[in-house]
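Notes follow the structure.
The values are calculated or read from the model by the stated rules, or taken from the named source; none is laboratory data. Source: prediction; values computed, not measured. So basically every Cβ, Gly included, is an ideal-geometry build from the backbone, and we count neighbours across all protein chains shown.
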Amino acid sequence: MANYDEVFKYSVTNREEFWAEAAKGITWYKQYDSVLDSSNPPFYKWFSGGKMNTCYNAIDRHVEGGRADQVAIIYDSPVTNTLKKITYKELLEKVSTFAGALASQGVVKGDTVVIYMPMIPEAAIAMLACARIGAIHSVVFGGFAPHELAIRIDHAQPKLVITASGAIEGKKVLSYKPLVDSAIEQSTHEVKTVIVFQRDIVQSDMIAGRDLDWVELVSKSSPVGCTEVDATDPLYILYTSGTTGMPKGVIRDNGGHAVALYWTMKNLYNINPGEVWWSASDVGWVVGHSYIVYAPLLQGSTSVFYEGKPVGTPDAGAFWRVISEHKVKSLFTAPTAFRAIKKEDPQGVHFAKYDTSCFECLYLAGERTDPDTLHWAENLIGVPIIDHWWQTETGWAIVGNCRGIEQLPVKEGSPTKPLPGYDVRVVNDEGEFLPNGTNGNIVIKLPLPPGNLTTLWRNDERFLKSYMSKFPGYYDTSDGGFIDADGYVYVMGRMDDVINIAGHRLSTGAMEEIISNHPDVAECAVFGADDQMKGQLPVGLFVVKAGVTRDGEEIKKELVKMVRETIGPIACFKDAMQVVRLPKTRSGKILRGTMRSIANNQEYRTPSTIDDPAILGEITAALAKMGYVKK
Ligand code: COA
Ligand code: AMP
């Protein structure tokens, strides 16, 4: 089958046959008993009864199969001026020994391990070592503050925490260890062991009796083999923003995840074993889990591990330099990275300096690709620019352009068509199917294909409530959009309080919870305003308590500081303003959507349920003063 329509149709009408075929790409210790266990919907299980190990599939089998001396990871770090190539054989040695180190600290199958590390190969080694012994890793992105790390530590209850002394963010040297110390202090779960990778750029103080030096520990450890796990056992927990301050712990299984990711490398990304692939993201995000670490290694290709930014490390030519130097076939990043490059080098002066003839395709995801950036990149690079839509929950693309099967024509504003396995529909709030071209809720008919979340960590109830209850029989993506007459899906944005800042997913609800804790604040609203560079940025409006006479600017500064210190710099919360009142419905619901439309200069209808329409005029004036309302 070399035709998208045929492959797609087969995947949804012959689900089990389709995925059984794909499962042949994975090495099983014991063949599964059933491809899909539908006995307890919506808790579907893929490859029940199967025994395997994800680390074995990502490393050992390539060493055994003749790729021992092939480079598995290229660590390219312009911020530390380092270039290292790690072959599959070397990776096996490092991962199996670090797995031995974890085992020496009592980590066993089913234990959880929290990883808080920058973009250094040790982050991947730590993840793979956990997978090797059947431990469940939970990587926390380094841009999150101690409070966020503490929330995750308390929820995941790790046996130990793995970190590095610090990171370089652009030109700033950041110490990570004090953040970890503070998080552990804030958490109620007792962390008895912290493994610290000391970097030359910054050394950290060690707490005697708790902290262990990575290098020292490894020098005393012996390599261990792979632990056999059930296909349905969890591989990792990845916390992602929901509508409240408590993130959702997405669970990924071992078997379904390996099958699906392996399948995507060739069929979606057209990457073969031995070819060089680069995903310019961070291991703290789902893109990093799936396409920096697991998928390229499952496929036996070479993964570029880049510690730097698209601009400023040292210039807007960084991406072209890496592509040219390492013969990268395809790159996957967020549109915001290209907007940053476009802003600094609109004429592509840097691009012209490098031989990028090896480069075949650019994949974008994380946020909507704006037509301007799409055309600019197309004109400059002259390769296909493929937008694809996915979420932390799905672990791989829901909608995309399967270049390994058949490259479909690109339509501006659409990530193209549903991937095999995803039966995508658009429904109204009552769950009725909407005709082509009509905007609504994008849902996916159950069962979801392998590799998708199986539940939320220790919270089946929230899993059901968040994703499965609103439209029974369908997974609610929380994204809105429509499908056109040709079957192309258009994703227009989130229907909930989640926003996307530079391709990073954050919760405005979580920011509101923090702001509400300010002693002078009576109530507040945070929503996303469009931003040319980062896609969206949070904007806060707050009302002070009766009797508070302090300067609103002063309070704003305190709120900005609170959000930065509680969620982290990655929240990019910098703009807020005091208002006299917020627009609400008669039942007291704050009209965030209406305020967002005003800030973004979009047409809006005054809701019929509004308590006092005059407030919208006040809000418009406030947002205009902040520089949002252009008309
Ligand atoms: N550790 C600690 N701090 C971090 C961090 C990390 N891993 N990543 C980001 N931060 C900090 C930044 O230093 C910045 O702090 P500041 O407010 O003190 O300046 C803040 O968090 C916001 O970071 P970011 O939104 O990344 O802004 P930026 O101006 O530093 O960079 C881009 C802008 C567009 C260059 C950058 O966002 C980028 O490269 N994006 C690529 C997209 C991407 O990787 N998406 C991931 C999903 S695919
Ligand atoms: P995350 O879970 O961090 O991957 O963020 C997922 C959210 O990012 C989705 O629900 C979408 O709102 C948005 N998103 C991701 N990729 C795209 C895309 N290609 N087009 C539009 N929105 C996207």
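Touching a residue at least 40 places away in the same chain (Cβ under 8 Å), small (Gly, Ala, Ser) and within 27 Å of Pro314 (Cβ to Cβ): does that describe Gly170? It would help to see each step written out before you state the result.
Working: touching a residue at least 40 places away in the same chain (Cβ under 8 Å): yes; small (Gly, Ala, Ser): yes; within 27 Å of Pro314 (Cβ to Cβ): yes.
The answer is yes for Gly170.
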Problem set entry | Sole exception among (1) of a type in the set (Asp, Glu); (2) assigned to a loop (DSSP other than H, G, I, E, B); (3) more than 22 Å from Ile271 (Cβ to Cβ) for Asp69, by number | (3)
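Before we move on, is Ala318 near ligand 1 (Cβ under 9 Å from one of its atoms) and either at negative phi or among the polar types (S, T, N, Q) (or both)?
Numbers: near ligand 1 (Cβ under 9 Å from one of its atoms): no; either at negative phi or among the polar types (S, T, N, Q) (or both): yes.
For Ala318, the condition - near ligand 1 (Cβ under 9 Å from one of its atoms) and either at negative phi or among the polar types (S, T, N, Q) (or both) - is not met.
Is it true that some residue in segment 308-316 is within 16 Å of ligand 2 (Cβ to nearest atom), hydroxyl-bearing (Ser, Thr, Tyr) and closer than 18 Å to Asp282 by Cβ?
Let us first name the residues in segment 308-316 that are within 16 Å of ligand 2 (Cβ to nearest atom), namely none.
Taking every residue of segment 308-316 in turn, none turns out to be within 16 Å of ligand 2 (Cβ to nearest atom), hydroxyl-bearing (Ser, Thr, Tyr) and closer than 18 Å to Asp282 by Cβ.
Return a yes/no flag: does segment 557-578 have any residue that is of a type in the set (S, T, N, Q) and either over 34 Å from the mean Cα position of the chain (by Cα) or more than 16 Å from ligand 1 (Cβ to nearest atom) (or both). Don't jump to the end; show me each part of the working.
So in segment 557-578, the residues of a type in the set (S, T, N, Q) come out as 566, 578.
Retained after the next criterion (residues that are either over 34 Å from the mean Cα position of the chain (by Cα) or more than 16 Å from ligand 1 (Cβ to nearest atom) (or both)): 578.
Yes.
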Seminar exercise, completed: By residue number, the members of segment 1-60 that are in a loop (DSSP other than H, G, I, E, B) and surrounded by 14 or more Cβ atoms within 10 Å (Cβ to Cβ) are Ile26, Thr27, Trp28, Tyr32, Ser38, Pro42, Phe43, Tyr44, Gly49, Gly50, Asn53
Problem set entry | Search result, residues across segment 190-211 that are assigned to a loop (DSSP other than H, G, I, E, B), under 29 Å from the mean Cα position of the chain (by Cα) and surrounded by 15 or more Cβ atoms within 10 Å (Cβ to Cβ) | Val191, Thr193, Gln198, Ile201, Ser204
Exercise. From the residues in segment 278-303 that are buried (at least 24 other Cβ atoms within 10 Å of the Cβ) and among the aromatic types (Phe, Trp, Tyr), which one is nearest to Leu91 (Cα to Cα)?
Worked result: Tyr294
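Any chance segment 485-505 includes a residue that's more than 28 Å from Ile251 (Cβ to Cβ) and in contact with a Gly (Cβ under 6 Å, 6 or more places away or on another chain)?
Here is the first cut: in segment 485-505, the ones more than 28 Å from Ile251 (Cβ to Cβ) are 485-488, 490, 492.
Now restrict to residues that are in contact with a Gly (Cβ under 6 Å, 6 or more places away or on another chain): 490, 492.
Checking segment 485-505: at least one residue is more than 28 Å from Ile251 (Cβ to Cβ) and in contact with a Gly (Cβ under 6 Å, 6 or more places away or on another chain).
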Problem set entry | Residue in segment 349-363 that is within 16 Å of ligand 1 (Cβ to nearest atom), at positive phi and out of contact with any strand residue (DSSP E or B) (no Cβ under 6 Å at 6 or more places or on another chain) present | no
Problem set entry | Matching residues, segment 477-495, being charged (D, E, K, R) and at pLDDT 95 or above | Asp479, Asp484, Asp486
For this session: Report yes if Gly348 is in contact with a helix residue (DSSP H, G or I) (Cβ under 9 Å, 6 or more places away or on another chain) and either more than 22 Å from Ser281 (Cα to Cα) or outside any strand (DSSP E or B) (or both), otherwise no.
Result: yes
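Look at Ala485 and say whether it is within 14 Å of ligand 2 (Cβ to nearest atom) and touching a residue at least 12 places away in the same chain (Cβ under 8 Å).
On the way: within 14 Å of ligand 2 (Cβ to nearest atom): no; touching a residue at least 12 places away in the same chain (Cβ under 8 Å): yes.
So Ala485 fails the test.
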Problem set entry | Boolean, Ala576 is touching a strand residue (DSSP E or B) at 6+ places or on another chain (Cβ under 9 Å), surrounded by fewer than 15 Cβ atoms within 10 Å (Cβ to Cβ) and over 15 Å from Ile499 (Cα atoms) | no
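Of all residues in segment 372-382 being on the phi < 0 side of the Ramachandran plot and away from ligand 2 (no atom under 13 Å from the Cβ), which is surrounded by the fewest Cβ atoms within 10 Å (Cβ to Cβ)?
First, the residues of segment 372-382 that are on the phi < 0 side of the Ramachandran plot: 372-381.
If we keep only those that are away from ligand 2 (no atom under 13 Å from the Cβ) too, we end up with 372, 375-381.
Details: Asp372: 12, His375: 12, Trp376: 18, Ala377: 21, Glu378: 14, Asn379: 9, Leu380: 18, Ile381: 20.
Step by step, filter segment 372-382, then rank; the result is Asn379.
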Exercise. Considering only residues of segment 323-348 that are in contact (Cβ under 8 Å) with a residue 40 or more places away in the chain, within 16 Å of ligand 1 (Cβ to nearest atom) and charged (D, E, K, R), which is surrounded by the fewest Cβ atoms within 10 Å (Cβ to Cβ)?
Worked result: Lys343
For this session: Out of Ser138, Ser204, Ser182, Ser165, report the one residue that is in contact (Cβ under 8 Å) with a residue 12 or more places away in the chain and within 16 Å of ligand 2 (Cβ to nearest atom).
Result: Ser138
Exercise. Got a number for residues in segment 101-132 being under 18 Å from Ser222 (Cα atoms), assigned to a helix (DSSP H, G or I) and among the hydrophobic types (A, V, I, L, M, F, W, C)?
Worked result: 10
